[in-house]
Amino acid sequence: MKYSVELCKITERKQLNNTTFDYTVSAPKISQIAACGQFANILAEGKFLRRPISICEIDKQAGALRFVFEVRGEGTKLISQKLIGEYLDIFAPLGNGFTPLKNAEKAVVVGGGIGVPPLLQTAKEYGGKAVAILGFANSERIILKEDFEAVCEKTVVATDDGSYGHHGFVTDPLSQLLADEKVDIIHACGPMPMLRNVSKIAAQYGVPCQVSLEERMGCGMGACLVCACKIKTADGTTYKHVCKDGPVFDSREVEF
Ligand SMILES: Cc1cc2nc3c(=O)[nH]c(=O)nc-3n(C[C@H](O)[C@H](O)[C@H](O)COP(=O)(O)OP(=O)(O)OC[C@H]3O[C@@H](n4cnc5c(N)ncnc54)[C@H](O)[C@@H]3O)c2cc1C
Ligand code: FES
């Protein structure tokens, strides 16, 4: 695995809603080796453990990376207080990301809430042949809609309370799409119940599906065993590291 530690200057900083931040940083080394679905371990100054945040967009030409994250606790709060011109200490790229399917005619990215960011770079890999299905609690939580619209063939938004787009879960428009059209692959990231149901639907239609799992992490590189997840094997189950073996797994392997 190739990774680097870089002090990355913040070049853009936006607040997308009351708890969500959108940063672009200059990362000349990491951007060259990063791939969609991988993550970065970002230092929250004064905290021993770095915080894992997915890589949302990679601009290899400009040597830049984009991160979109929600403030959940002290670590992400500290990171969100960094301003343009200041630096983030970033250890990345980590983990095995999504593997875009070569020659796919139609790919679908399915995201839920703060699971949506890593799917933006993934959708971009398909050069306009991806459909995005994005789910949020309500209209105020919607993020990155215009970004997906700019790079996808179609973007469908669902909200749990019906305040925008489809009223209900992402699984409804996903089932409809798979019933209507031939889809070559699904990439999904979001809460575990969403991933479980997306995986079931993918299996029902016989479409390969990759899911990105989220676990609490310590080291982020396979050394501390904090991030174990249950994976199916031919003769039962085993544990793998979400940080090193994942975060992306074939949905058929995951013991939901
Ligand atoms: C591979 C990976 C990629 C991630 N990508 C993103 C991203 O792109 N954007 C984003 O906003 N968040 C992402 N996260 C979640 C993010 O890492 C956590 O929200 C963050 O570490 C919380 O740190 P904190 O110090 O702010 O909160 P803490 O004080 O550590 O915890 C605050 C709350 O957040 C919950 N929490 C902490 N860590 C996690 C976790 N790993 N998963 C779920 N809940 C957690 C805790 O249970 C607690 O309720 C990702 C996590 C992983 C493992
Ligand atoms: S976070 Fe330490 S082994 Fe995965």
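The values are calculated or read from the model by the stated rules, or taken from the named source; none is laboratory data. None of the values given here were measured: they were computed from a predicted structure. Cβ placement follows ideal geometry from the backbone for every residue including glycine, while neighbour counts extend to all protein chains displayed.
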From 115, 63, which residue is without any contact (Cβ under 8 Å) to a residue 40 or more places away in the chain and not assigned by TED's automatic domain parsing to the domain that holds residue 219? 63
Filtered residues of the range 232-253 (kept if small (Gly, Ala, Ser) and near ligand 2 (Cβ under 10 Å from one of its atoms)): 246
Here's a check for you: in the range 63-76, which residue that is part of a helix (DSSP H, G or I) and closer than 21 Å to residue 116 by Cβ is nearest to ligand 2 (Cβ to nearest atom)? 75
Residues to consider are 37, 75, 63; find the one that is surrounded by fewer than 23 Cβ atoms within 10 Å (Cβ to Cβ) and at positive phi. 63
Among (1) without any contact (Cβ under 8 Å) to a residue 12 or more places away in the chain; (2) farther than 28 Å from residue 140 by Cα; (3) within 16 Å of ligand 1 (Cβ to nearest atom), where does residue 102 come up short? (3)
With respect to residue 24, determine if the residue is surrounded by 15 or more Cβ atoms within 10 Å (Cβ to Cβ), over 20 Å from residue 123 (Cα atoms) and not basic (Lys, Arg). no
Across the range 129-145, the tally of residues that are over 12 Å from residue 109 (Cα atoms) and either in a strand (DSSP E or B) or out of contact with any strand residue (DSSP E or B) (no Cβ under 9 Å at 6 or more places or on another chain) (or both) stands at 2
Inside the range 75-105, can you point out the residues that are in contact with a strand residue (DSSP E or B) (Cβ under 7 Å, 6 or more places away or on another chain) and of a type in the set (A, V, I, L, M, F, W, C)? 79, 83, 84, 88, 90, 91, 92, 94, 98, 101, 104
Identify all residues within the range 97-128 that are of a type outside the set (A, V, I, L, M, F, W, C) and part of a loop (DSSP other than H, G, I, E, B); write none if there are none. 97, 99, 100, 102, 103, 105, 106, 117, 125, 126, 127, 128
